[in-house]
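Enquirer: This is the structure I want to talk about, given as structure tokens.
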Amino acid sequence: MSKKEEKQEDLLKVLCGNDTELYRLLSRYLYANPTVATFKRDLGVLIAEAEKSLNEENYREAMEKYQLTVDKAIFEATQNPGEKDRYGVIQDLVSKTARVTEKLKEKLEKEGLVDYASSLGGRIKNYRFLSERIEDVVRIASLYYRERLEELGAEEKRETRGKERYGADREEEKEKGAAKARQEAKREERKEMGRGERREAERVDKREEKREKEKREARKKEREVAEREEDKIEEKEDVKREARRKERRETGIS
């Protein structure tokens, strides 16, 4: 397990506290990255796809697709905490998922695939638990997804800033290379000049070198300002994370 995965697991453990059954369930059903493609699709479309598989009696596919509808419905509920009717939507989808899982279990038993059929009993048990604890599930999932979205947003911003710094450094190196090439070309040109022309050309070069130096110093100052701003952003993100941890402690979640 990577350090990032351990951190995500630790977050969920903290949120669930001593409720080991709730932690066991949510560790199976909550996404470490709630921005996955599934969550970007419309719930109605996912439900229609699940119902189509069920009507075709493709119970294995229907079970998997209904599970996606449950995941999506839980996420939507966490993003709209004031809409209590969403609990009913989740319970309805959980009930349908449990029924199609039972159908698949019966089918597998008739086909003699007892071991696989037996493993589905655990899923059915999870769906019952989920239906009974739906409010707790949404409450913890709301805190978990809020934290994960904050972290993912911060990570994305850090990556963007890193790319911008890398791009600026690359441009600086390219400019240095181009300046060096220009100097070499000018030296070659001066070899063919007379003394007076060469002196004038050297005076022009010095003025250009001064302007180039001023530009480099200005860019350096801009980078320094940008780096200080990045440090401030990092500090603010640290403060926000600590505030969320304090909130969890004060509410008794941890």
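Where a number appears in this text, it was derived from the coordinates with a stated rule and is not lab data. These figures come from a predicted structure and were not determined experimentally. When we count neighbours, we look across all protein chains shown, and the Cβ atoms used for this are built from the backbone with ideal geometry, even at glycine.
Enquirer: How would you rank 203-213, 141-151, highest first, on the average number of other Cβ atoms within 10 Å across their residues?
Expert: The packing order, highest mean first, is 141-151, 203-213.
Enquirer: Follow-up question, since we're still on this one. Contour minus end-to-end for N80 and E224, with contour as 0.36 nm per residue of separation and end-to-end as the Cα-Cα distance?
Expert: Gain on stretching N80 to E224: 47.7 nm.
Enquirer: For the peptides 50-60, 183-193, what is the packing order when you average, over each peptide's residues, the other Cβ atoms within 10 Å and list the highest mean first?
Expert: Highest-to-lowest ranking by the protection proxy: 50-60, 183-193.
Enquirer: Want the number for K125 to A185: 0.36 nm per residue separation, take away the alpha-carbon distance, what's left?
Expert: Answer, rounded to one decimal: 13.7 nm.
Enquirer: Another question, if that's okay. How large, in Å, is the range 3-151 by the Kirkwood hydrodynamic radius built from its alpha-carbon pairs?
Expert: It is 16.0 Å.
Enquirer: Which distance in nm do the two modelled labels at E21 and D92 give, with both placed 7 Å along the Cα-to-Cβ direction?
Expert: 2.7 nm
Enquirer: Now for a separate question. Suppose the chain between N55 and Y29 were pulled fully straight at 0.36 nm per residue; how much longer would it get relative to their current alpha carbon spacing?
Expert: 6.8 nm
Enquirer: How far is it, in nm, from the label point at R198 to the one at E214 when both lie 7 Å from their Cα along the line to the Cβ?
Expert: 2.9 nm
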